[in-house]
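Note sheet for the following structure.
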Amino acid sequence: MPQMESSYGHGLLSVNSRTSLRCRPKSRNAVATSLELTLRGAKDTVVTNASTASVEAHNAYLQGHFYFVRRNLDDYRKAVGFFDRAIRIDPDYALAYAERSEAWTFIGDLALGEKGRLGCGET
């Protein structure tokens with residue numbers, strides 16, 4: 001069974017004939033920690049709190065969320081404006097960024113659907 005070598009020269013992982021990975025019991029935590037750091041980056045860049053301490057930013061987010069849940073193209077556009085306002089007030093407001101990106105996704109999907117219904121989407 002082939003093994004992947006670690007930087008210390010110890011076989012930590014083995015690959016079986018079904019191409020799945022198996023770790024030696026003592027190395028599972030080391031591999032998990034290494035993968036977490038590789039995938040998530042340095043620990044100081046991990047978002048620990050998605051909310052904000054700013055009442056004004058949170059109110060802008062709530063207004064955006066009100067329009068977001070109405071689920072139509074015009075209201076998604078209004079929601080993006082409110083999420084943008086929340087982000088301008090608190091640039092670290094992760095929840096506003098997340099919901100704004102979801103709103104833009106729906107705007108793109110609905111705009112493409114509208115073009116198709118109007119016959120404008122032909123290339």
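Whenever a residue of the stretch 56-82 is of a type in the set (Asp, Glu), its partners that are surrounded by fewer than 20 Cβ atoms within 10 Å (Cβ to Cβ), lying with C-beta atoms within less than 6 angstrom and at least six residues away or across chains, give the pairs 56/89. Would you please name the residue that is farthest from residue 84 (Cα to Cα), looking only at residues in the stretch 106-123 that are in contact with a helix residue (DSSP H, G or I) (Cβ under 9 Å, 6 or more places away or on another chain), at pLDDT 90 or above and of a type outside the set (Phe, Trp, Tyr)? Step by step, filter the stretch 106-123, then rank; the result is 110.
Remark: pairs (first residue in the stretch 93-109, more than 13 Å from residue 78 (Cα to Cα); second residue outside any helix (DSSP H, G or I) and modelled with pLDDT under 95; Cβ separation under 7 Å; 6+ apart in sequence or on different chains) = 93/52; 94/47; 94/50; 95/50; 95/51.
The values are calculated or read from the model by the stated rules, or taken from the named source; none is laboratory data. Keep in mind it's a predicted model, so treat the numbers as computed, not measured. As a convention, Cβ positions derive from the backbone with ideal geometry for all residues, glycine included, and neighbour counts pool all protein chains shown.
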